[in-house]
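Note sheet for the following structure.
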Amino acid sequence: MADLANPVNTLAVLKKYGFTAQKKYGQNFLIDANVLEKIISGAQITKDDCVLEIGPGIGTMTQYLAEAAGQVAAVEIDRHLLPVLADTLSPYDNVTVINEDILKVDITQIAGQYHEGRPIKVVANLPYYITTPVILKLLQCEAPIESIAVMVQKEVAQRMESGPGSKDYGSLSLAVQYYAEPEILTLVSASCFLPRPNVDSAVIRLKSCGKPPVHVQDDKFMFSLIRAAFNQRRKTLVNGLANAADLQVTKGEVSAALLKMGLPATVRGETLSLQEFAQLADLLRR
Ligand code: SAM
């Protein structure tokens, strides 16, 4: 089977099936073998692994995954790609293509069906229009997921890795760092895709930390606080949280909690660490 990482082969497949990449599905196909090899080695795939691939496209990364892993379950929303995938993946008997929306599938069920419920690894060149909801689903769905290695927009990868005080720091950073240890594996130029996107990309690996690095009584409430704090980024935390109707906290309560934590009443959410948000959530929940 021709290596689809070679752009000549990708163009030939697209031509054979009269397929045009769909912007609405974020279709930018990888055409760089070095990048694919870095993803596979960074994801630490072995023949004992079952990989969930999100968005196989024409099957470029899927072929590399099929060579490296024991099983591959590839979830693709676009039914027009099914005949292409049937062709490009025909040499592999360890790949199953599932024609579904990743935001709707039950990942626990996939782990059950393809890996007897044991932890799976997620690998993907993610469609950028749904990066954040997909990452949050993977982190919060409680399915047995050991690690996630995904291509995302460079700025989004930087947000996942950044800490307090950085302009990139926000609710995505905190959600990712509560559930996982993020590590940017490599930056990827726009020229490695066909069609070429307008942004550069990065491959980031999120390794499940098993147990969150901080203890909080009610993590849902903590994430509501975090969302409210960053929705009104320019406001002080006292005003931002008191303005958020769903939280039902008053300015006085927030000021008193900050005082107990030794923080000034004028502090902004973007300077608080995950540990401090956890502490604030516990104080306001009582
Ligand atoms: N993996 C291929 C590659 O690297 O060349 C294609 C990656 S392309 C950036 C994203 C893929 O995700 C496309 O095949 C697209 O159709 C698919 N996709 C988009 N939205 C999806 C969704 N909600 N669920 C599953 N797949 C989706």
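The values are calculated or read from the model by the stated rules, or taken from the named source; none is laboratory data. As the structure is a prediction and not an experimental result, all values here were calculated from the model. For neighbour counting, all protein chains shown are included, and Cβ atoms are generated from backbone atoms with ideal geometry for every residue, glycine included.
No other residue among Gln177, Gln158 is within 23 Å of Leu52 (Cα to Cα) and not aliphatic (A, V, I, L, M) apart from Gln177. Is it the case that the stretch 238-258 has a residue that's of a type in the set (D, E, K, R) and closer than 30 Å to Leu126 by Cα? No, the stretch 238-258 contains no residue that is of a type in the set (D, E, K, R) and closer than 30 Å to Leu126 by Cα. Selection of the stretch 170-182 for residues being surrounded by 17 or more Cβ atoms within 10 Å (Cβ to Cβ) and free of Cβ contacts under 8 Å to residues at least 40 places away in the same chain yields Ser173, Pro182.
If the condition is being among the charged types (D, E, K, R) and without any contact (Cβ under 8 Å) to a residue 24 or more places away in the chain, then the stretch 194-212 contributes only Lys211. Does the stretch 213-235 include one or more residues that are touching a residue at least 12 places away in the same chain (Cβ under 8 Å), within 20 Å of Gly26 (Cβ to Cβ) and crowded, with 17+ Cβ neighbours inside 10 Å? No - not one qualifying residue is present in the stretch 213-235.
Between Ala242, Ala265, the distinction of being of a type outside the set (Phe, Trp, Tyr), in contact with a helix residue (DSSP H, G or I) (Cβ under 7 Å, 6 or more places away or on another chain) and buried (at least 16 other Cβ atoms within 10 Å of the Cβ) belongs to Ala242 only.
Does Ser41 qualify as being within 21 Å of the chain's Cα centre (by Cα), surrounded by fewer than 20 Cβ atoms within 10 Å (Cβ to Cβ) and either in a strand (DSSP E or B) or of a type in the set (Gly, Ala, Ser) (or both)? Spelling it out, Ser41 is indeed within 21 Å of the chain's Cα centre (by Cα), surrounded by fewer than 20 Cβ atoms within 10 Å (Cβ to Cβ) and either in a strand (DSSP E or B) or of a type in the set (Gly, Ala, Ser) (or both). In the stretch 95-109, the residues that are more than 23 Å from Gln63 (Cα to Cα) form Cβ pairs under 9 Å with partners that are exposed (fewer than 15 other Cβ atoms within 10 Å of the Cβ) and modelled with pLDDT under 95, at six or more places apart or across chains, as follows: Asp106/Cys141; Thr108/Cys141; Thr108/Glu142. In the stretch 192-237, the residue that is farthest from the chain's Cα centre (by Cα) out of those that are closer than 18 Å to Met61 by Cβ and in a strand (DSSP E or B) is Leu194.
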